[in-house]
Every structure is written in structure tokens, then in C-alpha cells.
Amino acid sequence: MTLSSARRALHPLLSCTPTRVTRHTRAIPTLPKVVSRLRKSCFSISAFINEESKPGHEQSRPGGEKTKPDRVPSFGNVPPLYKGHYFGPEVEPEVSEPEPEEPSTEDSTKSRPAKVAEGANRLIKSFLFGTEESRKEQEVLERSYSTQLMRGKYVHEIAFHQVKPECSPKYVNLISEIYPQIAADPLNKVHLVGSWRCVVGDLDTFVTIWEYNGYSGFHETYYRIHSDHKFIDYLGKLRPLLRSRHTNLMQEFSFWGGTAAPRDLGGIFELRTYDLQPGRLLEWETSWRKGIECRRQVMEPVGAWFTQLGSLNTVHHLWQFADLEHRKLSREKCWELPGWANTVHDTVKLINKMDAKILVALPFSPLK
């Protein structure tokens, strides 16, 4: 809107004092000046807001006390609990003798056809939804589903770090210092199984497996290390080096017998990952365990796990070879052993996706 048009719009209101309008006409700023002043005001307001909202900016409370904002929530903010804290002591409920039920008038007055129809209705429901006994058996099976598969003593964490290619040396130096310290602390309920670099598959990817004393050990260890300023400094140095990171919490298969202890055999490792069809894990394990002894005869086993948190319906198993030629000969030998062909035939149809990574151990890895 120009100055002349503004005057025309305000003329009916100011017509009673024409001299005053004429006297102050020169004092009215031009439109470009108004826009310029507004821009300057908006710039100073936005600069003030940005300064107040910076992560390191101290905020003042009404009483004048200054506080720094908390860091991102993590397990370091959640103290560990024990079962007694949230389940309470186990108390046997008092069982009273049931009083004898008197036959209801409604039941006694039912005619024979009505009782026959009611019985037929219960029979139909048992066909559709199962009997009471079958439903109880199904509940027991669902509760023991994981118990049948896992050893249950330990919880394993597998961590995948995808590192920026130019940052790989710096990343290795960083974890080589902090990981052995975490594993060596007797107050941490964790052991370092191994740490590797991927050389075939997802390059610039590093894989680490930790072994915790159950879920309580996992939680207590995370709480301790996330409360340590050294670990917080490590996280601050780690994040700029990464493209992404992902972890799964796993349980060992019961038939495996335990993850391998620290050793130094040399060679390479193969990490196999199978994404199974949902609900087919127990069927896959039943078929796979029949033929796994064939592979144990020609390969050096390390561990086998299935995920319980993270990427569900996923199986990981790890093997050690002298080199790629040893791997090739070992796999060919498996096909000559009885039972292995049937195992492959029965399990491959339950798998949605398969992946194989060739890994080499880092210098500080207990398994290498």
C-alpha cells in the first residue's frame, strides 16, 4: 500500500483535522523504511530465541537458579529393579471349600429339548474353539515356547555399527580402549564374546557380541556404564563416526551347549543370519538341530542364537574357518554326510531372507 492510498483510506477519519495531518505528513515513514525496520526487529527476536534454545544454554528458574538441560534418556536414567520389587512376595492364596450349589429353578424347569439343544451348542463350540483341556494345553505350550528353545542362563547382545568409511581407523582405536575396560570391570555383569570387522557383505560394518548374566545383568550393566562420565565421553566421540547402529537381544539355542569360550585359533568367521516366517521358529529349530551335528564334524562352531528383542523372528549363528577355501571344502563335505540334505530341505522353506557375512576379529577380541 503506497502512502497516497493510505491517506485516501484515512481521509474520512482525519477530515476534521486537516491541518494536523498536513503538519505531520513528512513525519510518516515511507513503506520501504517500515519494511526495513520490521525486518530488523524480527531478526533480533529470532536471534534471541535461537540463543535461548541452544543445547548448552543455561536456563534460569523463577528463583534465579540456573540449570542445564538433561541429556537424552537412556538406561542410565532407569535404575535396575529386582523381581521382589514389582512382583512382591509369593503368597499362596487361601482355598476355601466350595459350598454345594443348589439346583437353579431355571435348570430344573428346562424341558428335555432345551437341554439337548444346549448340549449340542456346547459341542459345536468345542469343535470351533477347542475343549477346555485343549485350550489349557495350548496355553502351556505358548508359555514354554521360548523355554524349549533357549538355555536361559545368559542374554546375548549383538551390535551392528555402520561406520563412515573415512572414520574406520578412528573407530577401531576408540572401541579398542573402552570395550576391554567394560568387560574387565568386575561390577559389570557382562563378558565380551568378540568384536569383528566385516570384509565380505556390508562393508564398513563392525559386529560385537556381549554376554550378560540374564536380563537383570543387562539392565544393571547398562545402568552402571551409562552413569560413568567416561562412557558418556565415549558416546560423544562415537556418534560422529557412525552412519547407523542396531542391536538385538538374543538367547542361545538349548541344543547348542553354550557360546564358545575365548580362544585364539586365527582365520575368519562367518555370521549367518536367517529371517524366518513369523511363528515358524520352533519348527525351524526342530529340523535344524537334526542336521547340525553334520556341520559340527567339519566346522568350528562358535554360537547360535535367536532374537527376543530387536529384529524378531531372526536367527544368528557363527562359525570359524581357517580361510575361505576351508569354508568351501567344509560345506561340500556336509552334503556327503547323511541327514544334512533333509535338514536343508525342511528349513529353507521356512526362511524369508538369508545373509552371510565374512568377519575378521579385531586385535582386542577374546574370540579370534
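The values are calculated or read from the model by the stated rules, or taken from the named source; none is laboratory data. Here the structure is a predicted model, which is why all the values come from computation and not from measurement. As a convention, Cβ positions derive from the backbone with ideal geometry for all residues, glycine included, and neighbour counts pool all protein chains shown. To get the accessible areas, we keep the full protein, side chains included, count just its heavy atoms, and leave off ligands, DNA and RNA. Shrake-Rupley method; radii C 1.70, N 1.55, O 1.52, S 1.80 Å.
Structure notes:
- Of everything in region 205-232 that is open to solvent by 50 Å² or more (accessible area, probe 1.4 Å) and in contact with a strand residue (DSSP E or B) (Cβ under 8 Å, 6 or more places away or on another chain), the residue that is farthest from THR259 (Cα to Cα) is TYR215.
- One residue alone among VAL190, VAL163, VAL155 is under 15 Å from LEU242 (Cβ atoms) and surrounded by 16 or more Cβ atoms within 10 Å (Cβ to Cβ), and that residue is VAL163.
- Taking (1) in contact (Cβ under 8 Å) with a residue 60 or more places away in the chain; (2) open to solvent by 20 Å² or more (accessible area, probe 1.4 Å) in turn, GLU270 satisfies each apart from (2).
- Residues of region 212-249 satisfying the condition of being hydroxyl-bearing (Ser, Thr, Tyr) and within 25 Å of TRP305 (Cβ to Cβ): TYR212, TYR215, SER216, THR221, TYR222, TYR223, SER244, THR247
- Considering GLY339, GLY303, the condition of being under 15 Å from LEU359 (Cβ atoms) and either open to solvent by 10 Å² or more (accessible area, probe 1.4 Å) or in contact (Cβ under 8 Å) with a residue 60 or more places away in the chain (or both) is satisfied by GLY303 alone.
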